[in-house]
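Colleague: Let me begin by handing over the structure; questions about it come next.
Quick note: the coordinates plus some simple rules give every number you see, no bench work behind them. Since the model is a prediction, treat every value here as computed from it, not as a measurement. Every residue, glycine as well, gets a Cβ built from its backbone with ideal geometry; the counts of neighbours run over all protein chains shown.
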Amino acid sequence: MSDHLFAGLLRPERSATTVRIGEVDTRYAALLASAAHVAAGLGQAGAARVAVHATPTWTTVAGVVGAVLAGVAVVPVPADAGAGERDHILRDSRVQAWLGPAPEQDDGRLPRLPVSGHPLDTPPDSWEPMGIDSAATAFVLYTSGTTGTPKGVLLSRRAIAAGLDGLAEAWEWRPEDLLAHGLPLFHVHGLILGVLGPLRIGGGLWQVGRPTPQAYAAAARGGATMFFGVPTIWSRIAAEPDHAAYLGSARLLVSGSAALPSPVFERLHALTGQRVCERYGMTETLITVATRADGLRRAGRVGVPLPGVHTRLVGEDGRPVPHDGESIGDLQVRGPTLFDGYLGRPEETASAFTADGWFRTGDVAAIEPDGTHRIVGRASVDLLKSGGYRIGAGEIESALLEHPGVAECAVIGVPDDDLGQRIVAYVVPAAGQAVAEDELVAHVGARLSAHKRPRRVVFVESLPRNEMGKVVKARLG
Ligand code: MCA
Ligand code: AMP
């Protein structure tokens with residue numbers, strides 16, 4: 001089966017729809033023309049998989065949209081990735097070129113395919129959008145696990161189409177909507193929901209740059225009807241009543257990527273009259289559970305499964321857990337929005353699924369009799385969420401251990417009002433080595449992403465271990 005993932009963008013009657021990416025304020029017609037040039041260039045270059053240095057800019061959006069139109073798989077490289085993480089992504093994904101500008105520190109090994117830095121007026125002569133096989137990979141998104149290096153998650157066009165159509169139905173997302181957000185463009189939230197979403201539906205898109213309360217208030221004054229944010233963004237908005245008040249005019253405020261604290265939900269309700277609509281998902285599954293626009297919006301509840309998605313809870317004994325709203329179990333999901341596996345890692349792909357084909361989310365949840373889900377936490381202490389970013393403790397520990405001043409270390413997430421969890425590293429210094437906290441923080445930032453830097457380093461003489469010699473992280477912090 002072939003598809004046009006961007007059904008909305010391709011509709012001539014939507015050509016005047018708003019597209020604002022930071023300072024670039026333009027219309028669908030110009031995005032389509034610009035992306036068509038990218039698609040035509042990709043066709044000539046013959047690339048099947050390209051990397052995009054995913055800054056929140058026009059070139060990222062035009063490049064990604066062009067690649068999707070051409071059926072070329074995109075590997076978004078986090079804008080703040082350190083050298084080690086970037087090299088890993090480029091090598092592991094075997095991309096053939098950079099699409100658009102490469103990061104400053106790039107070693108120049110890969111060819112660069114140009115993307116115009118400003119909107120173009122007309123598409124190339126006789127360019128026509130082609131239907132692309134819906135089973136084809138649209139994106140390889142890199143995401144952290146509890147151990148090892150980030151894995152490439154293969155997302156097909158049909159999974160993305162199913163996920164976006166499900167959200168459109170749940171949120172009554174229409175062409176008349178103007179979506180605003182200030183999310184990064186290298187994850188499901190900001191890129192797939194936040195850019196591909198409007199372009200499939202035919203609605204307006206406004207990437208506001210940094211997601212400050214001022215920027216969200218300005219977008220509300222400028223007519224935005226829907227807003228996406230991670231809990232850190234919402235809690236910063238809730239702390240600024242004058243800016244928050246403007247969001248009262250919106251149709252829908254949506255939170256996801258991490259748990260929205262109840263006090264933030266209540267405070268936003270008091271300030272804006274709006275109850276935030278929470279939804280739940282993962283890079284591997286896209287959004288699977290969402291509060292419906294016409295549904296009950298309650299603090300701490302992430303809603304009901306999207307059309308075609310099934311969920312179940314499994315206890316430690318492997319038995320089903322009742323959906324009584326109280327009993328908790330491991331959340332497993334199945335449905336049309338799931339990924340096609342981790343690139344080049346068949347064993348890890350197989351172990352992510354149960355024998356009967358359900359994906360193990362690693363999250364612990366309760367389900368109410370009416371199907372409403374409550375996410376209780378994660379099963380592993382080694383997968384952290386800070387500012388809505390998923391971060392593997394093992395990845396930071398490996399980076400720290402590369403420093404000669406570190407003999408042993410353990411990384412944990414400590415509860416944080418602003419970030420959800422704050423990364424703290426416990427470090428046993430190598431004998432005879434004097435190492436400063438700043439140096440270790442910079443060391444991690446140079447290898448991984450800026451948001452993976454520990455906020456604090458605690459130097460200790462030894463780490464708490466059990467009889468097996470395994471570090472007991474519960475005894476840290
Ligand atoms: C940060 N800073 C540091 C350190 N960490 N300085 C020294 N040491 C450190 N360890 C600096 C930062 O560089 C920044 O500096 C300043 O401190 C503030 O940083 P931070 O507190 O992190 O705030 P922020 O930069 O304003 O970022 C908060 C944020 C961001 C905007 C909420 O975390 C964010 O964009 N999160 C979105 C994550 C996301 O999209 N997740 C989706 C994946 P300076 O001010 O100089 O820059 S999840 C997903 O896709 C699924 C499917 C789902 O469910 O959605
Ligand atoms: P990522 O793959 O980076 O998208 O991270 C996925 C993880 O984010 C999930 O496994 C959850 O732990 C967490 N998550 C996403 N949305 C929510 C939510 N609404 N409430 C609680 N946790 C969430």
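Colleague: Output the Cα-based Rg and Dmax of the stretch 271-334 in Å, rounding Rg to one decimal and Dmax to a whole number.
Modeller: For the stretch 271-334, the Cα-based Rg and Dmax read 13.4, 45 Å.
Colleague: Which log10 I(q)/I(0) values does the stretch 71-177 give at q = 0.14, 0.19 Å⁻¹ under the Debye formula, counting every alpha carbon as one identical point scatterer?
Modeller: -0.81, -1.18
Colleague: Relative contact order for the stretch 11-121 using alpha-carbon pairs under 8 Å, separation at least 6, rounded to a whole percent?
Modeller: Dividing the mean separation by the residue count of the stretch 11-121 yields 30 percent.
Colleague: Quick check: net charge around residue 295, other residues with Cβ under 10 Å of its Cβ, Lys/Arg +1 and Asp/Glu -1?
Modeller: Residues near residue 295 contribute +2 overall.
Colleague: Another question about this same structure. Specify the longest stretch of the chain that does not include any exposed loop site, a site being one of the trypsin sites (Lys or Arg not before Pro) with a non-H, G, I, E, B DSSP assignment and at most 13 other Cβ atoms within 10 Å.
Modeller: Counting only loop sites that pass the neighbour cut-off, the longest clear stretch is 110-469.
Colleague: Going by C-beta contacts inside 10 Å, put 25, 125, 294, 106 in order with the fewest on the left.
Modeller: The fewest-first ordering by Cβ neighbours comes to 125, 294, 25, 106.
Colleague: Using 0.36 nm per residue, how much length does the chain from residue 368 to residue 16 gain when fully extended, once their Cα-Cα distance is taken away?
Modeller: Once the chain is fully extended between residue 368 and residue 16, it gains 122.4 nm.
Colleague: Let me ask you something else. Report the semi-axes of the equivalent ellipsoid for the stretch 394-440 in whole Å, largest first, where each axis is √(5λ) for an eigenvalue λ of the Cα gyration tensor.
Modeller: Gyration-tensor ellipsoid for the stretch 394-440: 23, 11, 8 Å.
Colleague: Bin by bin, in steps of 5 Å, what percent of the Cα pairs in the stretch 28-129 do you find, going until the bin that has the longest distance?
Modeller: Using 5 Å bins, I get a P(r) of 2, 15, 27, 24, 18, 9, 5, 2, 0 for the stretch 28-129.
Colleague: Could I ask something else about it? Can you sort 208, 52, 441 from fewest to most other Cβ atoms within 10 Å of each residue's own Cβ?
Modeller: 441, 208, 52
Colleague: One-quarter of the Cα convex hull surface for the stretch 141-231, in nm²?
Modeller: 6.7 nm²
Colleague: Which net charge results for the neighbourhood of residue 321, defined as the other residues with beta-carbon distances under 9 angstrom from its beta-carbon, given Lys and Arg at +1 and Asp and Glu at -1?
Modeller: 0
Colleague: Continuing with this model, one more query. What does DSSP give for the stretch 1-130 in terms of the percent of beta bridges that are antiparallel, rounded to the nearest 5?
Modeller: Antiparallel: roughly 30 percent of the beta bridges in the stretch 1-130.
Colleague: Where both partners of a DSSP beta bridge lie in the chain, what percent of those bridges are antiparallel, to the nearest 5?
Modeller: 65 percent
Colleague: OK, next. I want to make sure I understand the PRE zone here: with the label point 7 angstrom from the Cα of residue 48 toward its beta carbon, which residues in the stretch 333-353 have backbone N atoms less than 14 Å away?
Modeller: In the stretch 333-353, the label zone of residue 48 (backbone N under 14 Å from the point 7 Å along Cα→Cβ) covers 344.
Colleague: If you don't mind, there's one more thing I want to ask. Using only Cα atoms, what Kirkwood radius does the stretch 25-80 have, in angstroms?
Modeller: 11.3 Å
Colleague: Sticking with this one: Express the relative contact order of the chain as a whole percentage, based on alpha carbon pairs under 8 Å and six or more residues apart in sequence.
Modeller: 13 percent
Colleague: While we're here: Determine the relative contact order of the stretch 105-204: mean sequence separation of Cα pairs under 8 Å and six or more apart, normalised by residue count, in whole percent.
Modeller: Reported relative contact order: 18 percent.
Colleague: Also, I was wondering about something else. Using only C-alpha atoms and all pairs of different ones, pull out the Kirkwood radius for the chain in Å with one decimal.
Modeller: 23.0 Å
Colleague: Measure off 7 Å from each Cα along the Cα-to-Cβ vector at residue 472 and residue 91, then give the distance between these two points in nanometres to one decimal.
Modeller: The modelled label-to-label distance comes out at 3.8 nm.
Colleague: Follow-up question, since we're still on this one. Roughly how many nanometres apart are two label points built 7 Å out from the Cα toward the Cβ at residue 345 and residue 83?
Modeller: The answer from the label model is 2.4 nm.
Colleague: Grab the other residues whose beta carbon is less than 13 angstrom from that of residue 36, score K and R as +1, D and E as -1, and report the net.
Modeller: -3
Colleague: Where does the longest stretch of the chain lie that holds no GluC sites (Glu not before Pro) found in a DSSP loop with 16 or fewer other Cβ atoms within 10 Å?
Modeller: That would be 177-315.
Colleague: So what is the calculated 222 nm ellipticity per residue for the chain, using -39500 (n - 2.57) for each DSSP H run with n of 4 or more, over all residues, to the nearest 500 deg cm²/dmol?
Modeller: So the helix-based figure for the chain works out to -7500 deg cm²/dmol.
Colleague: Could you line up 372, 137 from fewest to most neighbouring Cβ atoms inside 10 Å?
Modeller: 372, 137
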